[in-house]
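For reference, the structure is listed below as C-alpha coordinates.
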Amino acid sequence: MHHKDCSSQLEAQSVYQKNVREIMKVRAAGEKPLAFVRTYGCQQNVADSEKIKGELAQMGFSFTEEADKADLILFNTCAVREHAEDRVYGNIGALKNLKRRRPSLIIAICGCMMEQEHAAERIRKTFPFVNLVFGTHGIHRLPEMLSTVLTDSCRVFSRGEEEDTVVEGIPVQRDGAYKAWLTVMYGCNNFCSYCVVPYVRGRERSREPEAIIQEFSEILAAGYKEITLLGQNVNSYGKTLQTPISFAQLLQKLDAFPGDYRIRFMTSHPKDATHELIDTIAQSRHISHHIHLPFQSGSDRVLKEMNRVYDREKYLSLVRYIREKIPDASLTSDVIVGFPGETYEEFQQTLSLIEEVGFTSLYTFIYSPREGTRAAKMPDPVPRGEKSRWMDELLRTQEKIAEKRCAAMVGRVERVLVEERAKSGLLSGRTDGNVIIEFPGSEEMIGTFRDVRVIEAGIWVLKGKLENDSLKNRKNGGFYYG
Ligand code: SAH
Ligand code: SF4
(Lines give C-alpha, C1' and ligand atoms only; values in the text may rest on other atoms or scores of the structure.)
(Ligands and ions follow the chains in the order given, each with its own letter.)
Protein backbone atom coordinates (compact mmCIF):
# COMPACT_ATOMS: atom_id res chain seq x y z
CA MET A 1 0.00 0.00 0.00
CA HIS A 2 1.26 3.47 -0.75
CA HIS A 3 0.50 6.18 1.75
CA LYS A 4 -0.16 9.52 0.24
CA ASP A 5 1.91 12.40 1.49
CA CYS A 6 -0.01 13.91 4.36
CA SER A 7 2.36 16.70 5.30
CA SER A 8 0.14 19.14 3.40
CA GLN A 9 -2.84 18.05 5.54
CA LEU A 10 -0.98 19.12 8.64
CA GLU A 11 0.20 22.39 7.09
CA ALA A 12 -3.40 23.26 6.30
CA GLN A 13 -4.13 22.93 10.01
CA SER A 14 -1.70 25.63 11.09
CA VAL A 15 -4.06 28.46 10.08
CA TYR A 16 -6.85 26.93 12.19
CA GLN A 17 -4.43 26.35 15.03
CA LYS A 18 -3.63 30.04 15.12
CA ASN A 19 -7.31 30.94 14.98
CA VAL A 20 -8.16 28.71 17.95
CA ARG A 21 -5.21 30.05 19.91
CA GLU A 22 -6.32 33.67 19.35
CA ILE A 23 -9.96 33.06 20.24
CA MET A 24 -9.13 31.04 23.35
CA LYS A 25 -6.64 33.67 24.50
CA VAL A 26 -9.38 36.30 24.49
CA ARG A 27 -11.87 33.94 26.17
CA ALA A 28 -9.46 32.97 28.93
CA ALA A 29 -8.68 36.66 29.54
CA GLY A 30 -4.93 36.44 29.78
CA GLU A 31 -4.85 33.05 31.53
CA LYS A 32 -3.93 29.86 29.69
CA PRO A 33 -7.08 28.04 28.56
CA LEU A 34 -7.48 24.69 30.31
CA ALA A 35 -8.37 21.33 28.79
CA PHE A 36 -9.60 18.22 30.60
CA VAL A 37 -8.97 15.02 28.62
CA ARG A 38 -10.39 11.66 29.77
CA THR A 39 -9.45 8.44 28.00
CA TYR A 40 -11.45 5.21 27.99
CA GLY A 41 -10.27 1.83 26.73
CA CYS A 42 -7.01 0.46 25.43
CA GLN A 43 -3.45 1.73 25.10
CA GLN A 44 -4.12 2.68 21.50
CA ASN A 45 -6.63 5.21 22.81
CA VAL A 46 -4.16 6.43 25.42
CA ALA A 47 -1.64 6.99 22.61
CA ASP A 48 -4.27 8.82 20.53
CA SER A 49 -5.08 11.05 23.50
CA GLU A 50 -1.40 11.94 23.79
CA LYS A 51 -1.58 13.22 20.21
CA ILE A 52 -4.77 15.14 20.94
CA LYS A 53 -3.03 16.72 23.95
CA GLY A 54 -0.05 17.53 21.74
CA GLU A 55 -2.34 19.38 19.35
CA LEU A 56 -4.17 21.16 22.18
CA ALA A 57 -0.85 22.25 23.69
CA GLN A 58 0.13 23.67 20.31
CA MET A 59 -3.09 25.69 20.38
CA GLY A 60 -2.11 27.19 23.72
CA PHE A 61 -3.99 24.89 26.13
CA SER A 62 -2.71 23.72 29.50
CA PHE A 63 -4.23 20.69 31.17
CA THR A 64 -6.27 20.17 34.31
CA GLU A 65 -7.46 17.11 36.22
CA GLU A 66 -10.56 18.98 37.39
CA ALA A 67 -13.37 19.01 34.86
CA ASP A 68 -15.15 21.98 36.46
CA LYS A 69 -12.10 24.21 35.90
CA ALA A 70 -11.78 23.35 32.21
CA ASP A 71 -12.57 25.50 29.17
CA LEU A 72 -12.63 22.37 27.03
CA ILE A 73 -13.65 18.86 28.06
CA LEU A 74 -12.77 15.98 25.74
CA PHE A 75 -13.70 12.31 26.15
CA ASN A 76 -11.80 9.80 23.99
CA THR A 77 -14.18 6.84 23.96
CA CYS A 78 -14.05 3.04 23.66
CA ALA A 79 -16.56 0.82 21.84
CA VAL A 80 -15.17 -2.63 22.54
CA ARG A 81 -17.81 -3.63 25.10
CA GLU A 82 -21.23 -2.32 26.13
CA HIS A 83 -20.03 -1.53 29.63
CA ALA A 84 -17.43 0.91 28.27
CA GLU A 85 -20.11 2.68 26.22
CA ASP A 86 -22.55 2.91 29.14
CA ARG A 87 -19.92 4.61 31.26
CA VAL A 88 -19.32 7.18 28.54
CA TYR A 89 -23.03 8.01 28.20
CA GLY A 90 -23.32 8.36 31.97
CA ASN A 91 -20.33 10.66 32.16
CA ILE A 92 -21.51 12.83 29.26
CA GLY A 93 -24.89 13.22 30.96
CA ALA A 94 -23.12 14.44 34.07
CA LEU A 95 -21.64 17.37 32.10
CA LYS A 96 -25.04 18.94 31.47
CA ASN A 97 -25.06 21.06 34.62
CA LEU A 98 -21.51 22.22 34.08
CA LYS A 99 -22.41 23.43 30.62
CA ARG A 100 -25.54 25.16 31.93
CA ARG A 101 -23.47 27.08 34.44
CA ARG A 102 -20.79 27.92 31.89
CA PRO A 103 -22.18 28.04 28.34
CA SER A 104 -18.76 28.88 26.86
CA LEU A 105 -17.46 25.44 27.89
CA ILE A 106 -16.58 23.33 24.82
CA ILE A 107 -17.45 19.63 25.02
CA ALA A 108 -15.87 17.22 22.54
CA ILE A 109 -16.44 13.46 22.26
CA CYS A 110 -14.14 11.41 20.04
CA GLY A 111 -12.67 7.94 19.52
CA CYS A 112 -13.97 4.50 18.61
CA MET A 113 -17.56 4.92 19.82
CA MET A 114 -18.00 7.97 17.66
CA GLU A 115 -17.09 6.02 14.51
CA GLN A 116 -20.40 4.17 14.96
CA GLU A 117 -23.30 5.99 13.37
CA HIS A 118 -25.82 4.95 16.02
CA ALA A 119 -23.62 6.28 18.84
CA ALA A 120 -22.93 9.61 17.09
CA GLU A 121 -26.68 9.94 16.42
CA ARG A 122 -27.46 9.34 20.08
CA ILE A 123 -25.09 12.16 21.04
CA ARG A 124 -26.68 14.44 18.44
CA LYS A 125 -30.19 13.82 19.77
CA THR A 126 -29.75 13.19 23.49
CA PHE A 127 -26.88 15.51 24.36
CA PRO A 128 -27.43 18.81 22.49
CA PHE A 129 -24.79 20.49 24.65
CA VAL A 130 -21.97 18.49 23.02
CA ASN A 131 -20.18 20.78 20.54
CA LEU A 132 -17.87 18.44 18.68
CA VAL A 133 -17.92 14.77 17.70
CA PHE A 134 -15.18 13.05 15.72
CA GLY A 135 -13.88 9.53 15.24
CA THR A 136 -10.50 7.82 15.18
CA HIS A 137 -9.74 9.03 11.67
CA GLY A 138 -10.00 12.76 12.27
CA ILE A 139 -7.41 13.44 14.96
CA HIS A 140 -5.07 15.45 12.72
CA ARG A 141 -7.95 17.79 11.81
CA LEU A 142 -8.73 18.76 15.42
CA PRO A 143 -7.56 22.39 14.93
CA GLU A 144 -9.90 22.81 11.96
CA MET A 145 -12.89 21.29 13.78
CA LEU A 146 -12.32 23.36 16.92
CA SER A 147 -11.91 26.48 14.84
CA THR A 148 -15.29 25.83 13.20
CA VAL A 149 -16.97 25.29 16.57
CA LEU A 150 -15.52 28.54 17.91
CA THR A 151 -15.97 30.71 14.81
CA ASP A 152 -19.33 29.56 13.48
CA SER A 153 -20.80 28.65 16.89
CA CYS A 154 -22.20 25.45 15.41
CA ARG A 155 -21.98 21.78 16.32
CA VAL A 156 -19.46 19.77 14.32
CA PHE A 157 -19.94 16.05 13.60
CA SER A 158 -17.15 14.35 11.67
CA ARG A 159 -17.05 10.61 11.26
CA GLY A 160 -15.19 8.13 9.07
CA GLU A 161 -15.08 10.27 5.93
CA GLU A 162 -11.34 10.09 5.78
CA GLU A 163 -9.64 7.29 3.95
CA ASP A 164 -7.35 4.97 5.86
CA THR A 165 -4.14 6.99 5.86
CA VAL A 166 -1.19 7.39 8.15
CA VAL A 167 -0.59 11.00 9.13
CA GLU A 168 2.93 11.59 10.45
CA GLY A 169 4.13 14.62 12.38
CA ILE A 170 1.29 15.19 14.85
CA PRO A 171 2.89 16.47 18.07
CA VAL A 172 2.70 14.13 21.07
CA GLN A 173 2.36 15.16 24.69
CA ARG A 174 3.23 12.02 26.65
CA ASP A 175 1.55 11.29 29.99
CA GLY A 176 4.40 9.35 31.56
CA ALA A 177 7.97 10.33 32.36
CA TYR A 178 9.54 6.84 32.10
CA LYS A 179 7.14 4.80 30.00
CA ALA A 180 6.16 5.75 26.45
CA TRP A 181 3.69 4.38 23.90
CA LEU A 182 4.70 4.14 20.26
CA THR A 183 2.07 3.19 17.67
CA VAL A 184 3.58 1.12 14.84
CA MET A 185 0.38 0.37 12.97
CA TYR A 186 -3.27 1.38 12.86
CA GLY A 187 -6.47 -0.55 12.19
CA CYS A 188 -7.24 -4.24 11.93
CA ASN A 189 -8.11 -6.63 9.10
CA ASN A 190 -9.00 -9.69 11.13
CA PHE A 191 -12.72 -9.30 11.70
CA CYS A 192 -12.94 -11.63 14.66
CA SER A 193 -16.69 -12.23 14.66
CA TYR A 194 -17.31 -10.59 18.07
CA CYS A 195 -15.16 -7.51 17.58
CA VAL A 196 -16.04 -3.95 16.61
CA VAL A 197 -12.44 -2.74 16.22
CA PRO A 198 -12.10 -3.29 12.43
CA TYR A 199 -15.28 -1.24 11.91
CA VAL A 200 -14.20 1.70 14.04
CA ARG A 201 -10.47 1.80 13.30
CA GLY A 202 -10.44 0.90 9.62
CA ARG A 203 -8.06 -1.30 7.64
CA GLU A 204 -4.57 -2.24 8.71
CA ARG A 205 -1.89 0.27 7.81
CA SER A 206 1.70 0.31 9.01
CA ARG A 207 3.92 3.30 9.61
CA GLU A 208 7.13 3.37 7.62
CA PRO A 209 10.00 1.86 9.65
CA GLU A 210 12.03 5.08 9.25
CA ALA A 211 9.27 7.09 10.97
CA ILE A 212 9.10 4.59 13.83
CA ILE A 213 12.88 4.47 14.25
CA GLN A 214 13.01 8.27 14.30
CA GLU A 215 10.33 8.52 16.99
CA PHE A 216 11.95 5.68 18.95
CA SER A 217 15.28 7.50 19.03
CA GLU A 218 13.58 10.72 20.14
CA ILE A 219 11.83 8.87 22.95
CA LEU A 220 15.13 7.37 24.13
CA ALA A 221 16.87 10.73 23.89
CA ALA A 222 14.12 12.21 26.08
CA GLY A 223 15.09 9.72 28.79
CA TYR A 224 12.25 7.19 28.61
CA LYS A 225 13.12 3.74 29.96
CA GLU A 226 10.32 1.60 28.63
CA ILE A 227 8.76 1.83 25.18
CA THR A 228 5.66 -0.18 24.30
CA LEU A 229 5.04 -0.69 20.60
CA LEU A 230 1.32 -0.66 19.79
CA GLY A 231 -0.91 -2.21 17.15
CA GLN A 232 -4.04 -4.41 17.12
CA ASN A 233 -2.01 -7.18 15.55
CA VAL A 234 1.66 -6.21 15.54
CA ASN A 235 2.59 -9.53 13.92
CA SER A 236 1.18 -8.37 10.62
CA TYR A 237 3.19 -5.13 10.82
CA GLY A 238 4.91 -4.11 7.59
CA LYS A 239 3.34 -6.68 5.28
CA THR A 240 1.56 -4.09 3.14
CA LEU A 241 4.34 -1.51 2.96
CA GLN A 242 5.89 -0.78 -0.42
CA THR A 243 9.09 -2.32 0.90
CA PRO A 244 7.72 -5.04 3.18
CA ILE A 245 9.40 -5.70 6.51
CA SER A 246 8.43 -8.12 9.29
CA PHE A 247 7.68 -7.09 12.85
CA ALA A 248 10.67 -9.17 13.99
CA GLN A 249 12.93 -7.18 11.64
CA LEU A 250 11.56 -3.92 13.01
CA LEU A 251 12.24 -5.14 16.56
CA GLN A 252 15.82 -6.02 15.60
CA LYS A 253 16.40 -2.50 14.28
CA LEU A 254 15.03 -0.93 17.47
CA ASP A 255 16.88 -3.33 19.77
CA ALA A 256 20.15 -2.21 18.15
CA PHE A 257 19.89 1.20 19.84
CA PRO A 258 22.36 1.36 22.74
CA GLY A 259 21.22 2.30 26.23
CA ASP A 260 19.51 1.11 29.36
CA TYR A 261 15.89 0.65 28.33
CA ARG A 262 13.24 -1.99 27.71
CA ILE A 263 10.93 -2.69 24.78
CA ARG A 264 7.45 -4.16 25.13
CA PHE A 265 4.79 -4.64 22.48
CA MET A 266 1.12 -5.48 22.11
CA THR A 267 -0.92 -7.12 20.77
CA SER A 268 0.47 -10.28 19.25
CA HIS A 269 -2.13 -12.33 17.34
CA PRO A 270 -1.34 -16.08 17.61
CA LYS A 271 -2.22 -16.71 13.96
CA ASP A 272 0.69 -14.54 12.78
CA ALA A 273 3.21 -15.09 15.60
CA THR A 274 6.33 -16.53 13.96
CA HIS A 275 9.36 -18.43 15.20
CA GLU A 276 11.37 -15.51 13.80
CA LEU A 277 9.58 -13.25 16.31
CA ILE A 278 10.25 -15.55 19.25
CA ASP A 279 13.89 -16.08 18.25
CA THR A 280 14.26 -12.31 18.00
CA ILE A 281 12.97 -11.82 21.53
CA ALA A 282 15.20 -14.63 22.84
CA GLN A 283 18.31 -13.09 21.28
CA SER A 284 17.55 -9.45 21.99
CA ARG A 285 19.17 -7.24 24.59
CA HIS A 286 16.23 -4.97 25.32
CA ILE A 287 13.00 -6.80 24.50
CA SER A 288 11.06 -7.85 27.57
CA HIS A 289 10.42 -11.56 28.08
CA HIS A 290 6.75 -10.81 28.48
CA ILE A 291 4.45 -11.86 25.65
CA HIS A 292 0.79 -10.89 25.58
CA LEU A 293 -0.78 -13.56 23.39
CA PRO A 294 -4.60 -13.52 23.51
CA PHE A 295 -6.15 -16.97 22.97
CA GLN A 296 -9.83 -15.99 23.63
CA SER A 297 -11.07 -19.60 23.92
CA GLY A 298 -9.69 -23.11 24.44
CA SER A 299 -12.34 -24.77 22.26
CA ASP A 300 -11.65 -25.38 18.57
CA ARG A 301 -15.32 -25.01 17.66
CA VAL A 302 -15.60 -21.66 19.44
CA LEU A 303 -12.30 -20.42 17.98
CA LYS A 304 -13.63 -21.23 14.52
CA GLU A 305 -16.87 -19.36 15.19
CA MET A 306 -14.80 -16.45 16.47
CA ASN A 307 -12.84 -16.44 13.20
CA ARG A 308 -9.54 -16.54 15.06
CA VAL A 309 -7.91 -18.71 12.35
CA TYR A 310 -5.78 -20.81 14.76
CA ASP A 311 -6.80 -23.81 16.82
CA ARG A 312 -5.94 -24.94 20.33
CA GLU A 313 -3.05 -27.12 19.18
CA LYS A 314 -1.47 -24.34 17.11
CA TYR A 315 -1.68 -22.04 20.14
CA LEU A 316 -0.17 -24.63 22.48
CA SER A 317 2.64 -25.47 20.06
CA LEU A 318 3.47 -21.75 19.92
CA VAL A 319 3.59 -21.69 23.71
CA ARG A 320 5.88 -24.76 23.72
CA TYR A 321 8.26 -23.01 21.30
CA ILE A 322 8.26 -19.89 23.49
CA ARG A 323 9.03 -21.94 26.63
CA GLU A 324 11.84 -23.73 24.81
CA LYS A 325 13.53 -20.56 23.50
CA ILE A 326 12.66 -18.21 26.37
CA PRO A 327 12.43 -20.36 29.52
CA ASP A 328 11.65 -17.39 31.79
CA ALA A 329 8.93 -16.03 29.48
CA SER A 330 5.93 -14.48 31.19
CA LEU A 331 2.73 -15.07 29.24
CA THR A 332 -0.47 -13.07 29.57
CA SER A 333 -3.67 -13.34 27.56
CA ASP A 334 -7.22 -12.17 26.84
CA VAL A 335 -10.18 -14.54 27.29
CA ILE A 336 -13.84 -14.22 26.37
CA VAL A 337 -16.39 -16.11 28.47
CA GLY A 338 -19.84 -16.90 27.09
CA PHE A 339 -19.36 -16.40 23.36
CA PRO A 340 -22.75 -17.04 21.65
CA GLY A 341 -23.48 -20.77 21.68
CA GLU A 342 -20.56 -21.67 23.93
CA THR A 343 -21.43 -24.66 26.12
CA TYR A 344 -20.20 -25.38 29.63
CA GLU A 345 -18.08 -28.23 28.21
CA GLU A 346 -16.44 -25.83 25.76
CA PHE A 347 -15.84 -23.36 28.55
CA GLN A 348 -14.09 -26.19 30.46
CA GLN A 349 -11.64 -26.41 27.55
CA THR A 350 -10.76 -22.77 28.17
CA LEU A 351 -10.04 -23.67 31.79
CA SER A 352 -7.87 -26.63 30.81
CA LEU A 353 -5.89 -24.45 28.40
CA ILE A 354 -5.27 -21.95 31.18
CA GLU A 355 -4.00 -24.76 33.42
CA GLU A 356 -1.82 -26.12 30.67
CA VAL A 357 -0.14 -22.80 29.81
CA GLY A 358 0.20 -21.24 33.27
CA PHE A 359 -0.35 -17.56 32.49
CA THR A 360 1.08 -14.85 34.70
CA SER A 361 -2.20 -12.94 34.44
CA LEU A 362 -5.35 -12.78 32.32
CA TYR A 363 -7.66 -10.07 31.03
CA THR A 364 -11.07 -11.69 31.23
CA PHE A 365 -14.25 -10.50 29.52
CA ILE A 366 -17.84 -11.69 29.42
CA TYR A 367 -18.97 -11.61 25.80
CA SER A 368 -20.72 -8.37 24.89
CA PRO A 369 -22.74 -8.19 21.64
CA ARG A 370 -21.60 -5.38 19.34
CA GLU A 371 -23.94 -4.01 16.69
CA GLY A 372 -22.85 -4.79 13.14
CA THR A 373 -20.62 -7.74 14.04
CA ARG A 374 -21.32 -11.31 12.90
CA ALA A 375 -21.52 -12.75 16.41
CA ALA A 376 -24.24 -10.26 17.39
CA LYS A 377 -26.59 -12.18 15.08
CA MET A 378 -25.75 -15.61 16.51
CA PRO A 379 -28.16 -17.34 18.91
CA ASP A 380 -26.97 -16.72 22.47
CA PRO A 381 -29.01 -18.97 24.77
CA VAL A 382 -26.88 -18.96 27.93
CA PRO A 383 -28.21 -16.36 30.42
CA ARG A 384 -25.95 -13.65 31.77
CA GLY A 385 -26.08 -15.00 35.32
CA GLU A 386 -24.79 -18.37 34.15
CA LYS A 387 -21.93 -16.67 32.26
CA SER A 388 -21.04 -14.77 35.43
CA ARG A 389 -20.75 -18.08 37.31
CA TRP A 390 -18.41 -19.39 34.59
CA MET A 391 -16.42 -16.20 34.94
CA ASP A 392 -16.08 -16.72 38.72
CA GLU A 393 -14.83 -20.24 38.08
CA LEU A 394 -12.29 -18.90 35.60
CA LEU A 395 -11.06 -16.23 38.02
CA ARG A 396 -10.68 -18.76 40.83
CA THR A 397 -8.68 -21.07 38.56
CA GLN A 398 -6.40 -18.26 37.39
CA GLU A 399 -5.91 -16.97 40.93
CA LYS A 400 -4.49 -20.34 41.99
CA ILE A 401 -2.18 -20.42 38.96
CA ALA A 402 -0.96 -16.86 39.55
CA GLU A 403 -0.37 -17.63 43.21
CA LYS A 404 1.75 -20.65 42.31
CA ARG A 405 3.72 -18.72 39.68
CA CYS A 406 4.41 -15.86 42.09
CA ALA A 407 5.49 -18.29 44.82
CA ALA A 408 7.98 -19.81 42.38
CA MET A 409 9.54 -16.38 41.91
CA VAL A 410 10.59 -16.07 45.57
CA GLY A 411 14.37 -15.93 45.78
CA ARG A 412 14.82 -14.79 42.19
CA VAL A 413 16.41 -11.46 41.30
CA GLU A 414 14.28 -9.39 38.97
CA ARG A 415 15.18 -6.35 36.93
CA VAL A 416 12.62 -3.73 37.89
CA LEU A 417 11.77 -0.37 36.38
CA VAL A 418 10.95 1.70 39.48
CA GLU A 419 7.85 3.75 38.76
CA GLU A 420 6.46 5.41 41.87
CA ARG A 421 5.99 5.44 45.60
CA ALA A 422 3.03 3.18 46.38
CA LYS A 423 0.32 3.85 48.97
CA SER A 424 2.13 1.35 51.21
CA GLY A 425 5.08 3.78 51.37
CA LEU A 426 7.26 1.31 49.46
CA LEU A 427 8.66 1.87 45.99
CA SER A 428 6.71 0.15 43.25
CA GLY A 429 7.70 -1.04 39.81
CA ARG A 430 7.29 -3.86 37.34
CA THR A 431 9.47 -6.84 36.61
CA ASP A 432 10.48 -7.75 33.09
CA GLY A 433 7.54 -10.18 33.07
CA ASN A 434 5.21 -7.27 33.98
CA VAL A 435 4.48 -8.31 37.58
CA ILE A 436 4.18 -5.49 40.14
CA ILE A 437 6.76 -5.60 42.92
CA GLU A 438 7.12 -3.36 45.96
CA PHE A 439 10.28 -2.82 48.01
CA PRO A 440 11.89 -0.27 50.36
CA GLY A 441 14.03 2.35 48.65
CA SER A 442 14.66 6.03 48.13
CA GLU A 443 13.04 8.58 45.86
CA GLU A 444 15.96 8.97 43.44
CA MET A 445 15.50 5.37 42.30
CA ILE A 446 12.24 6.27 40.59
CA GLY A 447 12.72 6.14 36.82
CA THR A 448 15.71 3.77 36.96
CA PHE A 449 16.19 0.02 36.62
CA ARG A 450 17.09 -1.80 39.84
CA ASP A 451 17.77 -5.41 40.68
CA VAL A 452 15.31 -6.55 43.29
CA ARG A 453 15.23 -9.91 45.05
CA VAL A 454 11.73 -11.36 45.50
CA ILE A 455 11.21 -12.17 49.18
CA GLU A 456 7.47 -12.67 49.43
CA ALA A 457 4.69 -13.51 46.98
CA GLY A 458 1.09 -12.33 46.86
CA ILE A 459 -1.33 -12.97 44.01
CA TRP A 460 -1.01 -9.61 42.31
CA VAL A 461 1.93 -7.92 44.03
CA LEU A 462 5.35 -9.25 44.99
CA LYS A 463 7.41 -7.94 47.90
CA GLY A 464 11.14 -7.58 47.45
CA LYS A 465 14.38 -6.02 48.61
CA LEU A 466 17.09 -4.28 46.68
CA GLU A 467 20.10 -6.33 45.69
CA ASN A 468 23.24 -4.61 46.93
CA ASP A 469 25.21 -5.22 43.82
CA SER A 470 22.77 -3.79 41.36
CA LEU A 471 25.02 -4.36 38.38
CA LYS A 472 24.90 -8.14 38.56
CA ASN A 473 22.12 -10.26 37.14
CA ARG A 474 21.42 -7.67 34.51
CA LYS A 475 19.56 -9.12 31.58
CA ASN A 476 20.95 -6.56 29.17
CA GLY A 477 24.52 -7.58 29.83
CA GLY A 478 25.19 -4.70 32.19
CA PHE A 479 25.20 -2.22 29.37
CA TYR A 480 25.44 1.30 30.70
CA TYR A 481 25.13 4.50 28.84
CA GLY A 482 25.96 8.05 29.90
N1 SAH B 1 -6.35 -6.80 18.83
C2 SAH B 1 -6.30 -7.46 20.06
C3 SAH B 1 -7.44 -7.17 21.01
C4 SAH B 1 -8.20 -5.92 20.96
S5 SAH B 1 -9.67 -5.85 21.92
C6 SAH B 1 -6.29 -8.96 19.82
O7 SAH B 1 -6.79 -9.44 18.83
O8 SAH B 1 -5.83 -9.65 20.67
C9 SAH B 1 -9.11 -6.42 23.50
C10 SAH B 1 -9.83 -7.63 24.00
O11 SAH B 1 -11.19 -7.34 24.24
C12 SAH B 1 -9.89 -8.80 23.03
O13 SAH B 1 -8.73 -9.55 23.03
C14 SAH B 1 -11.08 -9.58 23.54
O15 SAH B 1 -10.70 -10.52 24.51
C16 SAH B 1 -11.95 -8.51 24.17
N17 SAH B 1 -13.14 -8.26 23.35
C18 SAH B 1 -13.20 -7.72 22.12
N19 SAH B 1 -14.47 -7.67 21.69
C20 SAH B 1 -15.24 -8.17 22.68
C21 SAH B 1 -16.65 -8.38 22.85
N22 SAH B 1 -17.51 -8.07 21.90
N23 SAH B 1 -17.08 -8.91 24.02
C24 SAH B 1 -16.20 -9.24 24.99
N25 SAH B 1 -14.88 -9.07 24.89
C26 SAH B 1 -14.39 -8.54 23.75
FE1 SF4 C 1 -10.62 -7.30 17.25
FE2 SF4 C 1 -9.67 -9.60 16.32
FE3 SF4 C 1 -8.78 -7.27 15.31
FE4 SF4 C 1 -8.12 -8.01 17.80
S5 SF4 C 1 -7.56 -9.06 15.89
S6 SF4 C 1 -8.83 -6.00 17.14
S7 SF4 C 1 -9.95 -9.05 18.50
S8 SF4 C 1 -10.84 -8.08 15.13
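The values are calculated or read from the model by the stated rules, or taken from the named source; none is laboratory data. Values in this document were obtained by computation on a predicted structure and should not be read as measured data. A quick note on method: Cβ atoms are made from the backbone with ideal geometry, for glycine too, and the neighbour counts reach across all protein chains shown. The accessibility values were calculated without ligands, DNA or RNA, using every heavy atom of the protein model including side chains. Shrake-Rupley method; radii C 1.70, N 1.55, O 1.52, S 1.80 Å.
Side notes on the structure shown:
- Members of region 250-263 that are in contact (Cβ under 8 Å) with a residue 24 or more places away in the chain and either surrounded by fewer than 20 Cβ atoms within 10 Å (Cβ to Cβ) or not in a strand (DSSP E or B) (or both): Leu250, Leu251, Gln252, Lys253, Leu254, Asp255, Phe257, Pro258, Gly259, Asp260, Tyr261
- Residue match in region 19-35 (condition: under 24 Å from Val166 (Cβ atoms) and either over 22 Å from the mean Cα position of the chain (by Cα) or not in a helix (DSSP H, G or I) (or both)): no
- Qualifying positions in region 192-203 - within 11 Å of ligand 1 (Cβ to nearest atom), in a loop (DSSP other than H, G, I, E, B) and open to solvent by 10 Å² or more (accessible area, probe 1.4 Å): Cys192, Tyr194, Cys195
- Lone unmet requirement of (1) touching a residue at least 24 places away in the same chain (Cβ under 8 Å); (2) open to solvent by 30 Å² or more (accessible area, probe 1.4 Å) for Gln283: (1)
- Some residue of region 15-32 being open to solvent by 70 Å² or more (accessible area, probe 1.4 Å) and of a type in the set (Phe, Trp, Tyr): yes
- Region 268-280, residues that are open to solvent by less than 30 Å² (accessible area, probe 1.4 Å) and hydroxyl-bearing (Ser, Thr, Tyr): Ser268, Thr280
- Residues satisfying the stated conditions in region 379-432, i.e. part of a loop (DSSP other than H, G, I, E, B) and in contact with a strand residue (DSSP E or B) (Cβ under 7 Å, 6 or more places away or on another chain): Val410, Gly411, Arg412, Ala422, Ser424, Leu426, Thr431, Asp432
- Some residue of region 290-309 being surrounded by fewer than 19 Cβ atoms within 10 Å (Cβ to Cβ) and assigned to a loop (DSSP other than H, G, I, E, B): yes
- Residue count, region 315-339 (criterion: under 26 Å from Arg370 (Cβ atoms) and either open to solvent by 40 Å² or more (accessible area, probe 1.4 Å) or touching a Ser or Thr at 6+ places or on another chain (Cβ under 9 Å) (or both)): 8
- Annotation note: of Thr228, Thr151, the sole residue that is open to solvent by 70 Å² or more (accessible area, probe 1.4 Å) and either modelled with pLDDT of 95 or more or of a type in the set (S, T, N, Q) (or both) is Thr151.
- Complete set of residues in region 231-255 that are away from ligand 2 (no atom under 16 Å from the Cβ) and of a type in the set (S, T, N, Q): Gln242, Thr243, Ser246, Gln249, Gln252
- Test: residue in region 207-224 that is touching a Cys at 6+ places or on another chain (Cβ under 7 Å) and surrounded by 22 or more Cβ atoms within 10 Å (Cβ to Cβ): no
- Positions within region 104-119 being open to solvent by less than 10 Å² (accessible area, probe 1.4 Å) and either among the polar types (S, T, N, Q) or assigned to a helix (DSSP H, G or I) (or both), in sequence order: Met113, Met114, Ala119
- When each of Val172, Val130 is tested for being modelled with pLDDT of 95 or more, among the β-branched types (Val, Ile, Thr) and open to solvent by 50 Å² or more (accessible area, probe 1.4 Å), the lone residue that passes is Val172.
Residues checked against (1) without any contact (Cβ under 8 Å) to a residue 24 or more places away in the chain; (2) among the basic types (Lys, Arg); (3) touching a Leu at 6+ places or on another chain (Cβ under 6 Å):
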site	(1), (2), (3)
Val20	no, no, yes
Ala29	yes, no, no
Pro33	no, no, no
Tyr40	no, no, no
Ala57	no, no, no
Ala67	no, no, no
Val80	no, no, no
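- Within region 175-191, considering residues that are open to solvent by 30 Å² or more (accessible area, probe 1.4 Å), hydrophobic (A, V, I, L, M, F, W, C) and assigned to a loop (DSSP other than H, G, I, E, B), the one farthest from ligand 2 (Cβ to nearest atom): Ala177
- Matching option when the condition is surrounded by 14 or more Cβ atoms within 10 Å (Cβ to Cβ), modelled with pLDDT of 95 or more and more than 30 Å from Glu355 (Cβ to Cβ), among Gly464, Gly429, Gly441: Gly441
- Evaluating Glu342 against the criteria (1) over 28 Å from Ser288 (Cβ atoms); (2) open to solvent by less than 30 Å² (accessible area, probe 1.4 Å); (3) part of a helix (DSSP H, G or I) leaves one unmet condition, (3).
- Scan region 75-103 for residues that are among the polar types (S, T, N, Q), assigned to a helix (DSSP H, G or I) and surrounded by 18 or more Cβ atoms within 10 Å (Cβ to Cβ) and the total you get is 0.
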